[in-house]
Amino acid sequence: MSDRTVFLKLWGVSLLWGGNYVASAYMLRDFSPIFLSFARLVVMSLFLISVAVINKSMRRPTKREWFLLLMAGITGTLINQLFYFTGLRESTAGNAALIIALSPIATTLLSRIFLKEAITGQKLTGAIVALIGVVCIVVYGGKELGISHGDVYLLVAMLGMSVSLLFIRKLTTAMSSYEVTIYSTVIGTILMSPAVAVEALNGDLHASQQAIMWVLLVSVAVIGQGLAGFWWNSGIAVAGASMSAMFMNIPPFIAIIVSHFVLGDPILPAQIGGGVLILAGVAITNFKRRMPREPKAEYGVKST
């Protein structure tokens, strides 16, 4: 795979992930939040299971791995998706993208608390900068001054994702990220069933009657999540994690711009300022000094 192809894929993933926030906000006009979350997860699970069956590359987890997968499914799929769509209904696509972008910082802090991993002054500085950015968005980035319920729900969704990464980190020592993604997504989808039942019993469940909305839902699940995830993993394998991580800074601003033109959401100074602080915090946390270059090998083999 050429470098140009890799970067095009990473750019494509950034655009898709940025557009996903806008597409989700748009679909919430015709779907109730819990049902939308469940329906998208069902489509995503069927897609992942189909890929697994075709490739025949799955193995049965151990008892300990089943427990970790269950926890990853509860936090990274059930809690994350449930609060994400509920919060997005009361917030904006731009705010959602920016708050979710805090996840790497939150994971670093949670690793310190629960896994006793050391946290450097650099990482602490990055965390503080990013947290100030989130405060700006949550307090000043809404339709009215103050903290909205939607942004609070989005913070819970972000924390759910961050906690799940701790379990995924342990799982990937023995399992592939591909296997972990499939198992945890399917488990989370099954666990979402009772929530959908409750929404239906309360009379709050609503599904779109328009075929185009269902096409959009399937497209977001299969292309925006499924294929984009595979492209992202292949990009990391070739370009390296550090280079790929740079593209994670793009989706929030894609979401802000696209939501402005598609949904009519205003572009607020607090979103831009808070977004810059969050991404600066993430950049500070992940910054690594370049090591002196070694003499090039005779055949010019690149390391990743």
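Readers should treat all values here as calculations from the given coordinates under stated rules, not as data from a laboratory. Predicted, not measured: the structure shown is a model, and the values here were computed from it. Quick reminder, even Gly has a Cβ in these numbers, built from the backbone with ideal geometry, and neighbours come from all protein chains shown.
Summarising the label geometry, the points placed 7 Å from Cα in the beta-carbon direction at VAL51 and HIS149 lie 3.6 nm from one another.
For segment 3-286, relative contact order (Cα pairs under 8 Å, six or more residues apart, normalised by length) works out to 42 percent. Here each label is just a point 7 Å from Cα along the line to Cβ, and for ARG64 and GLN209 those points are 5.5 nm apart. Compared with the alpha-carbon gap, the fully stretched path from ARG112 to ARG4 is longer by 35.1 nm at 0.36 nm per residue.
Given Cβ point charges of +1 (Lys, Arg) and -1 (Asp, Glu) and nothing else, what value in debye, to the nearest 20, does the dipole of the chain about its Cα centre take?
Values: 22 positive and 13 negative charges, 237 e Å.
Computed about the Cα centre, the dipole is about 1140 debye.
Computed over every Cα-Cα pair of segment 75-193 and binned at 5 Å starting from 0, the pair-distance distribution P(r) comes out as 2, 12, 19, 19, 19, 14, 10, 4, 1, 0 percent.
Of the residues SER177, SER148, SER164, the one that moves most in a GNM of the chain with alpha-carbon contacts below 10 Å is SER177.
With Rh defined as the Kirkwood radius, the inverse of the mean 1/r over Cα pairs, the Rg/Rh of the chain is 0.97. Loop-only check: which trypsin sites (Lys or Arg not before Pro) in segment 31-95 are DSSP coil with at most 13 other Cβ within 10 angstrom? For trypsin sites (Lys or Arg not before Pro) across segment 31-95 that sit outside H, G, I, E and B with at most 13 neighbouring Cβ atoms in 10 Å, the list reads LYS56, ARG59.
For segment 265-273, 3J(HN,Hα) computed residue by residue from phi via the Karplus equation (6.51, -1.76, 1.60; θ = phi - 60°) reads 5, x, 9, 8, x, 5, 5, 5, x Hz, glycine and proline entered as x. Each other residue within a Cβ distance under 14 Å of GLU179 adds +1 if Lys or Arg and -1 if Asp or Glu, for a net charge of +3.
Just to be sure I follow the definition: excluding the sites themselves, where is the longest run in the chain that has none of the chymotrypsin sites (Phe, Trp or Tyr not before Pro) in a DSSP loop with at most 12 other Cβ atoms within 10 Å?
Values: sites that count: PHE287, TYR299.
Segment 1-286 is the longest.
Please give the net charge around PRO33, taking every other residue with its beta carbon less than 14 angstrom from that of PRO33, where Lys and Arg add +1 and Asp and Glu add -1. That sum, taken over residues with Cβ under 14 Å, equals -1.
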